[in-house]
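Worksheet: the structure to be examined is printed underneath.
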There are 4 protein chains.
Amino acid sequence: MADEGLRFPTAIGTSDETQIRLLGQDLAADLMGKVGFGELAYWLVAGRRPTPGEVRVFETVLVALADHGFTPTAIAARLTYLSAPESLQGALAAGLLGGGSRFLGVTEDCGRFLAGVLADGVPEDDAGFDALALAAVTEARAAKNFVPGLGHPVHKKQDPRTPVLIRIAEEEGLRGPHLRLFEAIGRVHPQVLNRTLPLNGAGVCGAALADLGLPVDLLRGFALLARAAGLLGHLAEERRNPIGMDVYLTVDRNAVYED
Amino acid sequence: MADEGLRFPTAIGTSDETQIRLLGQDLAADLMGKVGFGELAYWLVAGRRPTPGEVRVFETVLVALADHGFTPTAIAARLTYLSAPESLQGALAAGLLGGGSRFLGVTEDCGRFLAGVLADGVPEDDAGFDALALAAVTEARAAKNFVPGLGHPVHKKQDPRTPVLIRIAEEEGLRGPHLRLFEAIGRVHPQVLNRTLPLNGAGVCGAALADLGLPVDLLRGFALLARAAGLLGHLAEERRNPIGMDVYLTVDRNAVYED
Amino acid sequence: MADEGLRFPTAIGTSDETQIRLLGQDLAADLMGKVGFGELAYWLVAGRRPTPGEVRVFETVLVALADHGFTPTAIAARLTYLSAPESLQGALAAGLLGGGSRFLGVTEDCGRFLAGVLADGVPEDDAGFDALALAAVTEARAAKNFVPGLGHPVHKKQDPRTPVLIRIAEEEGLRGPHLRLFEAIGRVHPQVLNRTLPLNGAGVCGAALADLGLPVDLLRGFALLARAAGLLGHLAEERRNPIGMDVYLTVDRNAVYED
Amino acid sequence: MADEGLRFPTAIGTSDETQIRLLGQDLAADLMGKVGFGELAYWLVAGRRPTPGEVRVFETVLVALADHGFTPTAIAARLTYLSAPESLQGALAAGLLGGGSRFLGVTEDCGRFLAGVLADGVPEDDAGFDALALAAVTEARAAKNFVPGLGHPVHKKQDPRTPVLIRIAEEEGLRGPHLRLFEAIGRVHPQVLNRTLPLNGAGVCGAALADLGLPVDLLRGFALLARAAGLLGHLAEERRNPIGMDVYLTVDRNAVYED
């Protein structure tokens, strides 16, 4: 079926009878046991092997985003597992499908917003970041837009993930312009909004991923990868100690039918 | 809305205004920067923190399963991204939905098969494993069933992942009964089947995960987690260097319409 | 890119600059306005145009299966819409993914079970159906299997859909061996099980679809098509009068965290 | 588990031991055999029973959108079925997940665009529609936006579905302002764009659905419902006469690995 005219190029992987190649490496000889899973995920998306410092920041982000308890996505995955327990992939997929604009989108939205503000040039010092942040927040407010990543429904004063992630990025020399701009937004926004909001941890994750050079159009993908681990945890717990049936019955028994 | 009568128990996570708790830990203080992503995924499913040796074997499995080039699932994810590029979660979910019995099922099928054979007791030595393996292969053949994990469509003599994973499990003291039984199957099956088949690397992964004490009913979940990283790699490449449109046009232009 | 060696045959559809062909017909001239949607769905799967009587029974089945209130699948779809309202296809897909063995599987399971029992021959009269039914129920009980379609968690005495669907099939001359065998199971099972269970309406739907000559391996597909309409109804209502956030908060606020 | 404080209102459906209620009707007594499947789908979303004329236009739209041959979504569904044939719901969901902005979005995009243009008032006659259309196309061009529904990649002169659907809407007295505005766009756009493009049939479907009073934010849902039938046709054909493996092998064997 091979055909001179057909070409499907890829730099990801291929295999023949004796070897599996992945990202230009011999999977068995060069990667297995030598490369961590987070490191490989980064490499797969970025197309280059990350440094140990980049891996540390990256895995910190994945850990930060992996789970947040009974989110709508976790509940949807458990209900799907209840209905179709033979199809674990379906339950996982159902959970990931909630990874859209509202409950899992802030990571990508924040990274993309910051990258847009930085498109015309990166300030040289904190004063420059503050000025740029002030202009960006002012413009967002004038357009009646939210600044992505500002505020959190539960952590109303401070998101506990925020200072830890900034510190780790700093330790690894990876506190770049996106994080610095987001921190500046944290400093200046009260002047414009007349109230003080915390920097959302999921937003900080987006800033950190953008500083790692990962494509801002795909940042949601890392939130999804992290959440895949969290959803597997929920599905394993649902198998041991289910709540799906009780969720369903709670809704069904309290349904109010309005003819 | 809180109600004395409603209780949805979980040991995964919760949060309040100042803290996020995950698996009994303080996410920001105890996990971020201190626990790897693979380690956390293991912990989430097993409900206990793995040892460093367990993490090494586990991440080796995830790396081994992450990608295998242009599989049907990778192509499905790329075609979905072509049609709905605004919904990365949909493209990822579409790819994972192929993680069923045929192309991604061997990991779980093999682990489950081995666990079933071991249910009545674990042999003491290699001779005992060989005898148990011989009985299991003979029984499978008599019932006209395949032995899951035996044979590979591409790696007809040896799957390059197999010896590496067994060696790493051995190094970490984690070459347990499932791996030993699978190796015994590799030794004895030619007596029954009259031909020599390789031990499939994805099947060895299932044996290794079962030896890690992970629930055999959920082994598919780890293949899905690994594949989520591979699919993100494909979607990132599809964004940079797309093939989805060419796949579609190749099929459409060579369609033969049979009225 | 056309290639002599590549051939992807299909009898479904194709199009060129001036015409769209579907199922051997001119879509615009022969189908639009002349064929109903249910009729087309039947034709697409069966590969032949159904008779008006077949369409009536088929649409009755779709109507019977379209919705059942706050099922786990409807709740999962609403929670996914809450999280990702920009991706209606994701919410619909999440709902359909629950269409597996437990909550939506009885239609296919029942049709398949009946077809299996009938594989060795179709009885000539009710006495023959009763004898065959008695043997089948006795065998299922001996193997500790449930008879698919027998019993209903809510309609403990009679499922109101059952007599209506049987009557309509009878009116259209389409009460065939699968329905007759299922009715016989309804008559004889108390002798074996020592209690009287109703014939589940979703199971009767499976019997009716099998009598229509539709492939028993795909009966779940019709339940999914019917449910797609119901899920769109739920999503439209969720948009007008949402409950997803309340479901989420009910679960989250009544979470009991077990460290 | 019932609780005074919990209320989940719905007007869709409920059931008790003897009755299933759907949309305020007795499902078995009032709907089964008396209401068509398309009619029920309309009713579920609109919350009101459609007239026979509305049903005819609605089903014509569903028939027009049900299938278009080997689209990316149909190929993705077939590849997913190849990988996980035991999970029909997964294959169907994978196909629907491509129902996003590019290949299935034009119906909703067009309806929404027309509704936006009409938001400030509906013209009284064709001259008024032409003037409004001219302003809208001029504005879209100035903003460098496409007019949704104008043009088709295959039907470069005329989409055969377009005149048929307009005629049927006219016959049923349902050729309303959205269709009339879209027709006016067809008349006036060459003055602005300097070339003549056809009115896309999927776009006309969006105009017709909007004229039926269906919510423009959910028009994509009807395209998805229609496509669900088409995808079931593809999956039934894939079961009888598969092409998925050949698609996979065509891509895999023509992969060009770029280290």
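The values are calculated or read from the model by the stated rules, or taken from the named source; none is laboratory data. No experiment lies behind these values; they were computed from the predicted model shown. Virtual Cβ from ideal backbone geometry, glycine too; neighbours counted across all protein chains shown. Keep in mind that these areas ignore ligands, DNA and RNA; they rest on the heavy atoms of the full protein, side chains included. Shrake-Rupley method; radii C 1.70, N 1.55, O 1.52, S 1.80 Å.
For D:ARG227, state whether it is crowded, with 20+ Cβ neighbours inside 10 Å, among the basic types (Lys, Arg) and touching a strand residue (DSSP E or B) at 6+ places or on another chain (Cβ under 8 Å). No.
State whether the residues of the range A:124-140 include one that is at negative phi and in a loop (DSSP other than H, G, I, E, B). Spell out the reasoning first.
The first filter runs over the range A:124-140 and keeps only residues at negative phi, leaving A:124-140.
Okay, now just the ones that are also in a loop (DSSP other than H, G, I, E, B), so A:124-125.
Among the residues of the range A:124-140, at least one is at negative phi and in a loop (DSSP other than H, G, I, E, B), which makes the answer yes.
For the range B:123-150, a residue qualifies if it is over 17 Å from B:LEU193 (Cβ atoms), touching a residue at least 12 places away in the same chain (Cβ under 8 Å) and open to solvent by 20 Å² or more (accessible area, probe 1.4 Å), and the qualifying residues are B:PRO123, B:ASP126.
In the range C:233-259, what residues are at the interface with chain D (Cβ under 9 Å from one of its Cβ atoms), open to solvent by less than 10 Å² (accessible area, probe 1.4 Å) and assigned to a helix (DSSP H, G or I)? Show your work before the answer.
Taking the range C:233-259 first, the residues at the interface with chain D (Cβ under 9 Å from one of its Cβ atoms) are C:233-237, C:239-241, C:243, C:246-247, C:250.
Of the ones still in play, those that are also open to solvent by less than 10 Å² (accessible area, probe 1.4 Å) are C:233-237, C:243, C:247, C:250.
If the condition is that a residue be at the interface with chain D (Cβ under 9 Å from one of its Cβ atoms), open to solvent by less than 10 Å² (accessible area, probe 1.4 Å) and assigned to a helix (DSSP H, G or I), then C:GLY233, C:HIS234, C:LEU235, C:ALA236, C:GLU237, C:VAL247, C:THR250 are the ones that fit.
Residue check: C:PHE182 meets all listed conditions (1) more than 14 Å from chain D (Cβ to nearest Cβ); (2) surrounded by fewer than 20 Cβ atoms within 10 Å (Cβ to Cβ) but one, namely (2). Among the residues of the range D:33-54, those that are out of contact with any Pro (no Cβ under 6 Å at 6 or more places or on another chain) and either surrounded by fewer than 18 Cβ atoms within 10 Å (Cβ to Cβ) or touching a residue at least 60 places away in the same chain (Cβ under 8 Å) (or both) comprise D:LYS34, D:ALA41, D:VAL45, D:ALA46, D:GLY47, D:ARG48, D:ARG49, D:PRO50, D:THR51, D:PRO52, D:GLY53, D:GLU54.
Residues in the range A:96-111 that are open to solvent by 30 Å² or more (accessible area, probe 1.4 Å) and more than 15 Å from A:LEU231 (Cα to Cα): A:SER101, A:ARG102, A:VAL106, A:ASP109.
There is no residue in the range B:59-69 that is open to solvent by 30 Å² or more (accessible area, probe 1.4 Å), under 26 Å from A:ASP159 (Cα atoms) and not assigned by TED's automatic domain parsing to the domain that holds B:GLY111. Remark: pairs (first residue in the range C:165-182, within 16 Å of C:LEU62 (Cα to Cα); second residue among the polar types (S, T, N, Q); Cβ separation under 7 Å; 6+ apart in sequence or on different chains) = C:LEU165/C:THR60; C:ILE168/C:THR60. Condition check for A:VAL35 on (1) outside any loop (DSSP other than H, G, I, E, B); (2) facing chain B (nearest Cβ under 8 Å): one failure, at (1). Please tell me if D:ARG195 is part of a loop (DSSP other than H, G, I, E, B), more than 18 Å from the chain's Cα centre (by Cα), of a type in the set (D, E, K, R) and farther than 20 Å from D:LEU65 by Cα. Taking the combined requirement at face value, the residue satisfies it. Residues that are under 26 Å from D:ALA91 (Cβ atoms), in contact with an Asp or Glu (Cβ under 6 Å, 6 or more places away or on another chain) and crowded, with 21+ Cβ neighbours inside 10 Å do occur in the range C:75-83, at least one of them.
Restrict the check to the range A:207-220 and report whether at least one residue is more than 14 Å from chain B (Cβ to nearest Cβ), touching a Pro at 6+ places or on another chain (Cβ under 7 Å) and closer than 21 Å to A:HIS155 by Cβ. The answer is no; no qualifying residue exists. Search the range D:3-22 for residues that are facing chain A (nearest Cβ under 9 Å) and pair each with any residue that is surrounded by fewer than 18 Cβ atoms within 10 Å (Cβ to Cβ) and of a type in the set (Ser, Thr, Tyr) when their beta-carbon atoms are under 7 Å apart and the residues are at least 6 apart or on different chains. Pairs that qualify, where the first residue is facing chain A (nearest Cβ under 9 Å) and the partner is surrounded by fewer than 18 Cβ atoms within 10 Å (Cβ to Cβ) and of a type in the set (Ser, Thr, Tyr), are D:THR10/A:TYR257; D:THR14/A:TYR257; D:ARG21/A:TYR257. Taking the range A:14-32 as the range and being open to solvent by 30 Å² or more (accessible area, probe 1.4 Å) and outside any strand (DSSP E or B) as the test, the residues that pass are A:ASP16, A:GLU17, A:THR18, A:GLN19, A:ALA29, A:ASP30.
For A:LYS156, the conditions (1) surrounded by fewer than 15 Cβ atoms within 10 Å (Cβ to Cβ); (2) modelled with pLDDT of 95 or more; (3) not in a helix (DSSP H, G or I) are fulfilled apart from (2). Out of the residues in the range B:41-84 meeting the condition of being facing another protein chain (nearest Cβ under 7 Å) and part of a loop (DSSP other than H, G, I, E, B), tell me which one is nearest to A:PHE37 (Cα to Cα). In this case the residue turns out to be B:ALA66.
Taking the range D:167-179 as the range and being open to solvent by 60 Å² or more (accessible area, probe 1.4 Å) and either within 23 Å of D:GLY151 (Cβ to Cβ) or outside the structural domain of D:CYS110 (by TED's automatic domain parsing) (or both) as the test, the residues that pass are D:ARG167, D:ARG175. Residues that are part of a loop (DSSP other than H, G, I, E, B), open to solvent by 50 Å² or more (accessible area, probe 1.4 Å), assigned by TED's automatic domain parsing to the domain that holds D:GLY221 and at pLDDT 95 or above: does the range D:112-122 have at least one? Yes, there is a match, as at least one residue in the range D:112-122 is part of a loop (DSSP other than H, G, I, E, B), open to solvent by 50 Å² or more (accessible area, probe 1.4 Å), assigned by TED's automatic domain parsing to the domain that holds D:GLY221 and at pLDDT 95 or above. Residues that are at the interface with another protein chain (Cβ under 7 Å from one of its Cβ atoms) and part of a helix (DSSP H, G or I) within the range C:92-111 comprise C:LEU92, C:ALA93, C:ALA94, C:LEU96, listed in sequence order.
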